[in-house]
1. Could you compute the net charge surrounding P301? Neighbours are other residues with a C-beta less than 15 Å from the C-beta of P301; K and R count +1, D and E count -1.
2. Taking 0.36 nm per residue of sequence separation and subtracting the Cα-Cα distance, how much length would be gained by fully extending the chain between R266 and K318, in nm to one decimal?
3. If you take every DSSP beta bridge whose two residues both sit in the chain, what share of them, in percent to the nearest 5, is antiparallel?
4. Using only DSSP helix segments of four residues or longer, with each worth -39500 (n - 2.57), what per-residue ellipticity at 222 nm results for the chain after dividing by its residue count and rounding to 500?
5. Between beta-carbons, use under 10 Å as the cut-off and find the net charge around L148, counting Lys and Arg +1, Asp and Glu -1.
6. Fewest to most neighbouring Cβ within 10 Å: what's the order for M96, M246?
7. Normalised by the empirical 2.2 N^0.38 Å for globular proteins, what value does the Cα Rg of region 5-55 take?
8. Hey, what did the chain get for relative contact order, percent, Cα under 8 Å, at least 6 apart?
Amino acid sequence: MTRIGILGCGRIGIVHARTLRGMDDVDVIAVSDFFPEAAEKLAKSCNADVRTTDEIIASDDIDAVVVGTPTDTHFDIIKAAAEAGKAIFCEKPVDMSADNIRTLMQIVDEAGVAFFTAFNRRFDPNFANVRNRIVAGEIGSVEIVTILSRDPSPPPISYITSSGGIFRDMMIHDLDMARFLLGEEPVQVFAVGAALVDPEIGKAGDVDTAAVTLTAASGKICQISNSRRATYGYDQRIEVHGSDGMLRAANVLENTVDVATADGFRAAPTLNFFLERYEAAYAIEMQTFIAHLADPNVKIPTIEDGLRAQILADAAAKSLETGQPVAV
């Protein structure tokens, strides 16, 4: 039995708690949140205690923590949890500073605890299928990867100002996916961007429309397109072109029914919210974390994966600022 403490009882904490409640070999022991009402509500649904974060980390009856708190709290929580011998499941980004992540990597390594960076899109059944078929050689050698990720609408400006920017907040998932699908590390990053959706985002020092080209040492290319607006819904697509063919994962729609009239063919809208679109991925990633705790041979995205994605995000931000490609 794996005994879990959930740190952060917002929407992502609720999602992970739902998965954990459905697992026979897991017990949610305690939860914590800055807002007492949120903690009480989630604790009741899990039949768990409400404790402070420090109490959860120090508790002998907890084996692992799920970190779903704001990013600026991650460093202190991860450090304390690792030093207390707790396994750690951490939402992205691990930290806004690559140097801080390097420090945490050393602490985690010295403590010998498991660390899972929650890049949930790796566990999306469709994206994972693409990856498995690449590895199986179905399309030969990968030559170019295209990733499209567009939100239905931008978040509030209050969120933008503390998000770390579109590359560290939104595109970091796609940067991890680029590494996942390319099968090797990018060595150069070139970014362009503009505030085309909301001028207030530009005033806040960020962009809402961005494109990045990643180049690997072998010459393989990945193109990433991000936008804070998509009038047709939550747009999440990938395409991988190789020497022997192409693999493509399309959007997930509300249903699979098409209608045909004199005006043409019309499909259902895309799933419009990330929690719906990646519902299966969230469940599978948590199940994989628990499986890894029982068998370390089960592969997971590690703290190093979190660091490498952060380095790419930093490089993209620098490229946008300078207008030049940045070597990684």
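Every read-out reported here was derived from the displayed coordinates using simple, explicitly stated rules and does not represent laboratory data. What you are looking at is a predicted structure, and each value in this text was computed from that prediction instead of being measured. We place every Cβ from the backbone using ideal geometry, glycine too, and count neighbours over all the protein chains shown.
1. Working: positive: K92, R121, R122, R131, R179, K299, R308; negative: E91, D124, D174, D176, E185, E285, E304, D305.
Result for the neighbourhood of P301: -1.
2. Values: separation 52, 0.36 × 52 = 18.72 nm, distance 4.17 nm.
This chain segment gains 14.6 nm when fully extended.
3. Numbers: 34 of 61 bridges.
Among the beta bridges of the chain, antiparallel pairing accounts for roughly 55 percent.
4. Values: 13 runs with 127 residues, N = 328.
After summing the helix terms and dividing by residue count, I get -11500 deg cm²/dmol.
5. Working: positive: R150, R237; negative: D174, D235, E239.
Charge balance near L148 sits at -1.
6. Working: M96 20, M246 13.
If I rank by nearby Cβ atoms, fewest first, I get M246, M96.
7. Details: Rg = 9.7 Å, N = 51, 2.2 N^0.38 = 9.8 Å.
Normalised Cα radius of gyration, region 5-55: 0.99.
8. Details: 648 pairs, mean separation 61.5, N = 328.
Taking the mean separation of contacting Cα pairs over the length of the chain, I get 19 percent.
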